[in-house]
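Accompanying notes for the structure given below.
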Amino acid sequence: MGLCAFFAHSGAMVSPYVAYLAIYVKELPMIIFGVSLLISSFLIFFLPETLGRILPETIEDAENFGEEKSTQQSSIQIVTLSIKKLET
């Protein structure tokens, strides 16, 4: 969470200066923002899929999150969570 906040604040601080680069080359700010968009779009493919999975709550869970589990075990966890929600 802290790393995301760091990059968000850094981008907010740098963006006005990138806009000033249009004085030298009119298209330069659009190129810089476009390239950063393409890089971030590419990097998002390396994030693990979370659909239908229990999200990690501890550091140990987070370290083991990317490991593949058998589909049967995942299905059992989903059914167990569904039953617990129905009971409450």
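Tell me yes or no: at least one residue of region 30-53 is over 24 Å from E67 (Cβ atoms), among the charged types (D, E, K, R) and surrounded by 10 or more Cβ atoms within 10 Å (Cβ to Cβ).
No, there is no match, as no residue in region 30-53 is over 24 Å from E67 (Cβ atoms), among the charged types (D, E, K, R) and surrounded by 10 or more Cβ atoms within 10 Å (Cβ to Cβ).
I need the helices (runs of 4 or more DSSP H) fully contained in the chain, keeping only those with at least 2 residues that are at pLDDT 85 or above. Lay out the reasoning, then the answer.
Details: elements: 2-20, 28-43, 59-63, 71-87.
So the answer is 2-20, 28-43, 59-63.
The values are calculated or read from the model by the stated rules, or taken from the named source; none is laboratory data. Note that this is a predicted model, so its numbers are computed, not measured. Note that each Cβ is placed from the backbone with ideal geometry, even for glycine, and that neighbours are counted across all protein chains shown.
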